[in-house]
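First comes the structure, then the notes that go with it.
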Amino acid sequence: MKDNKDIRFIAGHYRKGLFAVEPALRRIKGVKSVWWTRTRIAAACTIAAILTATAAVFVHNGYFSDSNSTIHGTEESALPATQVVRVIDFEDAPLTEVVAKIREVYGVEVAGLPDDPDQFTLSLHYEGSALDLVETINDILDTDMTVIE
């Protein structure tokens, strides 16, 4: 009699697909489907890539100040004259002409010229600040010039 009661219970509660894998996984709260997990990983990677690219653009364009972590505008008047980035070109130019062009383009004075500046010539395409330019010229020509604002 007991076996007959068990069979009636099973027959009364049986539903087609009740023991299938996918519906069972959906019913378990802690287990997510593989598709959902892959989608979340792809979304997280995409967001990370966008944030990284945005940060790279901000750093490249100089929106973050080196002295503190506040955001500043890109107006040149906010920067000291020695930190303004410009493009400057020389082709077999004597050092006196180079210094005059630095004064004109960057608005700074250059001190410490060698005794015979016309004996030095320079061919250079440079994009950067006056300080970096003068340091580069010092490295190339083995001079000791400095920038005065």
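Given the criterion modelled with pLDDT under 80, open to solvent by less than 100 Å² (accessible area, probe 1.4 Å), within 26 Å of Ile148 (Cβ to Cβ) and assigned to a helix (DSSP H, G or I), identify the matching residue among Thr37, Thr82.
After applying the criteria, what remains is Thr82.
Name every residue in the stretch 107-145 that is open to solvent by less than 90 Å² (accessible area, probe 1.4 Å) and in a loop (DSSP other than H, G, I, E, B), in order of residue number. Steps first, answer last, please.
Pass one, the stretch 107-145, residues open to solvent by less than 90 Å² (accessible area, probe 1.4 Å): 107-108, 110-114, 116-117, 120-124, 126, 128-134, 136-138, 141, 143, 145.
Within the stretch 107-145, Gly107, Val108, Gly112, Leu113, Pro114, Asp116, Phe120, Ser129, Thr143, Met145 meet the criteria.
Give the stretch 21-34 a look and list any residue that's modelled with pLDDT of 70 or more and exposed (fewer than 10 other Cβ atoms within 10 Å of the Cβ), or say none.
Of everything in the stretch 21-34, those that are modelled with pLDDT of 70 or more and exposed (fewer than 10 other Cβ atoms within 10 Å of the Cβ) turn out to be Val21, Glu22.
Could you list, ordered by first residue, the pairs with Cβ atoms under 6 Å in which the first is in the stretch 98-113 and more than 19 Å from Glu127 (Cβ to Cβ) and the second is open to solvent by 50 Å² or more (accessible area, probe 1.4 Å), at least 6 apart or interchain?
That search, which allows pairs on different chains as well, returns Glu109/Ile148; Ala111/Thr146; Ala111/Ile148; Gly112/Asp144; Gly112/Thr146.
The values are calculated or read from the model by the stated rules, or taken from the named source; none is laboratory data. Everything numeric in this text was worked out from a predicted model, so none of it was measured. Backbone-built Cβ (ideal geometry, glycine too); neighbour counts: all protein chains shown. The accessibility values were calculated without ligands, DNA or RNA, using every heavy atom of the protein model including side chains. Shrake-Rupley method; radii C 1.70, N 1.55, O 1.52, S 1.80 Å.
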